Structure formats: structure tokens, C-alpha cells
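What follows is a short report on a single structure.
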Amino acid sequence: MSKPATGSRPVPSWLITHSFHDFDAGVLKSGKEAEVFLVERSSADGSCLLAHKRYRPRYPGAGELRALGFSKGTIYRADKVYRAGWNLNRRDRLHAESRSRSGSEMAAGMWPANEVAMLRRAWDAGASVPYPVDRTDDGLLMEFIGGRNEAAPRLVNAHLDAHALRSARDQLLDSLAAMSSAHVVHGDLSSYNILWWRGRLVVIDFPQAVDATTNPHAPDLLARDIANVAGWFERQRVPIDVDELYGELLGLLFGGADDGTDGAAVGATVGGAVGAGRTHSPRMS
């Protein structure tokens with residue numbers, strides 16, 4: 001594994017940040033809790049492609065999902081293991097864990113806030129993840145992985161040769177080291193939420209990612225992540241030493257890079273987003 005980066009990375013040069021218009025260009029992916037839409041950002045200087053991950057309304061009214069462009073119903077994760085590190089006061093925590101409609105809506109609104117926070121930490125640490133562009137009213141806007149004519153395939157569907165498989169393994173280990181140095185555990189890692197595009201491996205889907213400094217389940221989640229990806233690579237005849245990797249990542253997870261990361265501060269960012277809503281609308285700016 002290469003040495004994790006420290007400090008913040010610069011904004012990617014391809015990203016258009018001034019005097020632009022964002023246009024929806026169709027659905028890329030549909031999942032249990034969200035759908036990902038392709039967005040083209042255009043300005044006088046050119047254009048770039050982004051991915052807009054939109055979380056479905058928790059309690060949609062009649063016809064609301066279809067009117068908003070969603071193709072599937074709403075199924076939300078309800079596992080307290082992932083929510084354990086959210087920085088909520090006792091009242092808000094109990095409310096989020098209740099079975100009431102308002103409590104469920106409150107918890108559902110925190111998933112995208114957590115995803116943005118964890119993606120940004122992973123990116124700043126040097127992990128290969130989509131660049132998180134901004135929060136939106138209903139989710140987040142981030143780097144699109146793919147080209148004009150196709151999206152990047154999942155690792156499980158990429159049909160890599162032996163050389164590319166070894167490269168994918170090495171890139172994944174580097175990203176896991178970077179994430180661990182920032183105290184981030186993905187929590188649901190598998191070959192289905194890793195992309196491969198033109199020699200680059202990219203880890204995606206961070207709403208359930210946890211902060212090891214605030215979530216007591218982080219070591220177990222890390223062990224499960226490693227077992228999942230190591231099992232897949234083993235079936236491709238590209239072995240990973242699970243015990244050695246777990247020991248190295250655990251050391252980084254609770255030692256980390258000397259980057260000044262404050263887990264409680266990040267937790268506060270997530271917790272403070274309960275009623276904060278969005279910071280940017282992807283439609284026009």
C-alpha cells in the first residue's frame with residue numbers, strides 16, 4: 001500500500017464552477033433508497049458530466065415519485081449499527097430511532113449528509129472516490145465516472161484480465177489505506193459498489209460509511225468489508241492477505257494520518273444537517 005495523503009486535495013480542474021447551467025440527461029442507476037441521474041453542466045467555456053444522487057422521499061404522496069422522475073418505490077435502511085456514530089443529542093437520537101413518521105423522515109434526511117461528509121473526507125485523504133461537488137435539496141452532486149457514451153461498469157461486471165485485476169487490487173488497497181487514515185470505514189464494500197474506468201478503480205456509495213472515532217462498530221464493519229472484497233479477488237485468483245490487511249488498516253484507522261481530522265466535528269456536520277437542507281440546487285447556478 002502507498003502512503004496515504006494528508007491535507008485537502010485541490011478541486012479537480014475539469015469541474016466547472018462559475019456561470020453554468022445544469023441539465024438532467026437521464027437515469028444512470030436505480031437502487032433501494034436513491035437513484036442516480038446524469039447531469040450535464042455547461043458554460044461558455046465548455047461542459048462536464050456529473051452524477052446527481054437523489055434520495056427518494058420517505059413518505060411520498062400519490063404520484064409524487066413519478067412526478068419527481070423516480071422509477072422505483074422507497075425502501076430505506078434502518079440499521080442502528082450505521083447510525084451509532086451520528087452526533088445527535090439524546091432527544092434527537094431517540095426521535096430518529098423511533099418508528100414515528102417524523103423520526104423516520106429525520107433519519108432519512110441524514111443519510112445524504114453523511115454521504116457527503118464521508119466522501120469529502122475520503123477524497124481529501126487521497127482515496128479514489130467520486131469528487132463530492134455539493135449537497136442538493138434531495139441528495140448530492142458528484143463526479144460522474146464514465147464517458148459520454150457509457151457509465152463505468154461495476155468491478156464485478158468489468159471482465160478484467162490478470163494484469164488489470166492485480167492493478168485493481170493494488171488500487172483498492174491504497175484507497176482503503178487512505179480511507180482508514182481518515183478514520184472512514186465504508187461499511188458496505190463489495191465488488192458491486194466499486195467501479196472500473198479506463199484503468200482507474202473508484203469506490204462509491206458512502207451513505208452508510210462510519211467514523212471510527214465515534215462508531216464502536218467500525219472494526220467489525222472494516223473486517224466485513226475486507227472479507228467481502230478479499231473473497232471476490234480470491235475467486236479471481238488475485239489473493240489478499242486478510243489478516244495482514246486488517247491489522248494494517250486497523251492501525252491506520254485508530255492512528256490515522258497527522259491531518260488534524262476531528263471526528264466529532266465531522267459528526268457535528270452530519271448532525272447539524274438534520275434541518276439544514278441543501279446548499280446548492282443542481283438545476284441552475
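The values are calculated or read from the model by the stated rules, or taken from the named source; none is laboratory data. Just so it is clear, the structure is predicted and the values come from calculations on it, not from any experiment. Cβ atoms come from the backbone with ideal geometry, glycine included; neighbour counts cover every protein chain shown.
Go over the candidates L189, L94, L155 one by one and state the one that is modelled with pLDDT of 90 or more and out of contact with any helix residue (DSSP H, G or I) (no Cβ under 6 Å at 6 or more places or on another chain). Answer to the check: L155. Checking each residue in the stretch 135-149 for being of a type in the set (D, E, K, R) and either under 19 Å from S175 (Cβ atoms) or at pLDDT 90 or above (or both) picks out only E143. Could you please tell me which pairs satisfy a Cβ distance under 9 Å, a separation of 6+ or placement on different chains, a first residue in the stretch 33-45 that is under 12 Å from E143 (Cα atoms), and a second residue that is in a strand (DSSP E or B) and of a type in the set (S, T, Y)? Hits for this filter: V36/S30; E40/S47; R41/S47. Summed over the stretch 110-137, residues that are assigned to a loop (DSSP other than H, G, I, E, B), crowded, with 21+ Cβ neighbours inside 10 Å and not β-branched (V, I, T) total 4.
When the stretch 31-42 is filtered for residues that are at pLDDT below 90 and either among the acidic types (D, E) or surrounded by fewer than 18 Cβ atoms within 10 Å (Cβ to Cβ) (or both), the ones remaining, listed by number, are G31, K32, E33, E35. When each of P207, P219, P153 is tested for being within 19 Å of R120 (Cβ to Cβ), in contact (Cβ under 8 Å) with a residue 24 or more places away in the chain and not β-branched (V, I, T), the lone residue that passes is P207.
Exactly one residue among V184, V156, V210 is more than 21 Å from F37 (Cβ to Cβ) and surrounded by fewer than 20 Cβ atoms within 10 Å (Cβ to Cβ), and that residue is V156. Only one residue in A62, A25, A51, A5 is within 15 Å of A151 (Cα to Cα), more than 18 Å from the chain's Cα centre (by Cα) and either of a type in the set (A, V, I, L, M) or at pLDDT 90 or above (or both). Which one? That would be A25, the only listed residue that is within 15 Å of A151 (Cα to Cα), more than 18 Å from the chain's Cα centre (by Cα) and either of a type in the set (A, V, I, L, M) or at pLDDT 90 or above (or both). Per the conditions (1) touching a residue at least 60 places away in the same chain (Cβ under 8 Å); (2) buried (at least 19 other Cβ atoms within 10 Å of the Cβ), the sole criterion not satisfied by R148 is (2).
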